[in-house]
1. What do you reckon, is residue 96 more than 24 Å from residue 22 (Cα to Cα), under 15 Å from the mean Cα position of the chain (by Cα) and at pLDDT 95 or above?
2. For residue 55, which of the numbered conditions (1) over 20 Å from residue 5 (Cβ atoms); (2) buried (at least 17 other Cβ atoms within 10 Å of the Cβ); (3) touching a helix residue (DSSP H, G or I) at 6+ places or on another chain (Cβ under 9 Å) fails to hold?
3. Considering segment 72-110 alone, what residues qualify as being more than 27 Å from residue 14 (Cα to Cα), part of a loop (DSSP other than H, G, I, E, B) and in contact with a strand residue (DSSP E or B) (Cβ under 6 Å, 6 or more places away or on another chain)?
4. Output yes when any residue across segment 38-48 is touching a helix residue (DSSP H, G or I) at 6+ places or on another chain (Cβ under 9 Å), surrounded by 17 or more Cβ atoms within 10 Å (Cβ to Cβ), in contact (Cβ under 8 Å) with a residue 12 or more places away in the chain and part of a loop (DSSP other than H, G, I, E, B), and no when none is.
5. Regarding segment 127-138, can at least one residue be identified that is outside the structural domain of residue 45 (by TED's automatic domain parsing), at pLDDT 95 or above and surrounded by fewer than 15 Cβ atoms within 10 Å (Cβ to Cβ)?
6. Which condition number does residue 84 fail, the rest of (1) modelled with pLDDT of 95 or more; (2) surrounded by fewer than 14 Cβ atoms within 10 Å (Cβ to Cβ); (3) under 20 Å from residue 5 (Cα atoms) being met?
7. Please work out if residue 90 is more than 16 Å from residue 136 (Cβ to Cβ) and surrounded by 14 or more Cβ atoms within 10 Å (Cβ to Cβ).
8. Of the numbered conditions (1) in contact with a helix residue (DSSP H, G or I) (Cβ under 8 Å, 6 or more places away or on another chain); (2) in contact (Cβ under 8 Å) with a residue 24 or more places away in the chain, residue 107 satisfies every one except a single condition; which is it?
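The values are calculated or read from the model by the stated rules, or taken from the named source; none is laboratory data. Everything numeric in this text was worked out from a predicted model, so none of it was measured. With ideal geometry, Cβ positions are generated from the backbone for all residues, glycine too; neighbour counts draw on all protein chains shown.
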C-alpha cells in the first residue's frame, strides 16, 4: 500500500472501470480510458496515482461507471511509504524498482522503474519516489 509521507499532492476524480475491485492506497493506471489497478507490467506513464477509497464488490455502485478519488503528485520528488514484497536493504537506496501489484514494490525487477527507493525501513517497507504519470519514464 502507498501512503503519502512528504510532498504536495492533489485529489482528482477520475473514471474507473465498472465491476473492478481495488483496495485503497494502491496505484491505479489508465486502460481503455478508465482506471484499473496497476500491475507488474504497467508502464510508468500509464499510472495516474493512489486510490483513496476501497472499491468493493459489495458497493451499491460497483457495476456502474463512475468517478473515484485518486491522490496525484503535483511536484517531483513526492515521497510515499510502500510495502515491499521482500528483499529491501540499505543498499537499495537510489535503486529503481517495478511493482508486484498496485500495492507492493518488487525488488527483483527493474524493467518499468515505477519507484526509486529513498529510505530503508525494513526488508518489507521503505520510502519511494514515484516515477509515474505524464513525466513517468524509464530512468536515464
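1. Details: more than 24 Å from residue 22 (Cα to Cα): yes; under 15 Å from the mean Cα position of the chain (by Cα): yes; at pLDDT 95 or above: yes.
So residue 96 fits the description; yes.
2. (3)
3. 85, 88, 93, 95, 107, 109, 110
4. Yes, segment 38-48 contains a residue that is touching a helix residue (DSSP H, G or I) at 6+ places or on another chain (Cβ under 9 Å), surrounded by 17 or more Cβ atoms within 10 Å (Cβ to Cβ), in contact (Cβ under 8 Å) with a residue 12 or more places away in the chain and part of a loop (DSSP other than H, G, I, E, B).
5. Within segment 127-138, none of the residues are outside the structural domain of residue 45 (by TED's automatic domain parsing), at pLDDT 95 or above and surrounded by fewer than 15 Cβ atoms within 10 Å (Cβ to Cβ).
6. Failed condition: (2).
7. Numbers: more than 16 Å from residue 136 (Cβ to Cβ): yes; surrounded by 14 or more Cβ atoms within 10 Å (Cβ to Cβ): no.
Spelling it out, it is not the case that residue 90 is more than 16 Å from residue 136 (Cβ to Cβ) and surrounded by 14 or more Cβ atoms within 10 Å (Cβ to Cβ).
8. Of the numbered conditions (1) in contact with a helix residue (DSSP H, G or I) (Cβ under 8 Å, 6 or more places away or on another chain); (2) in contact (Cβ under 8 Å) with a residue 24 or more places away in the chain, the odd one out for residue 107 is (2).
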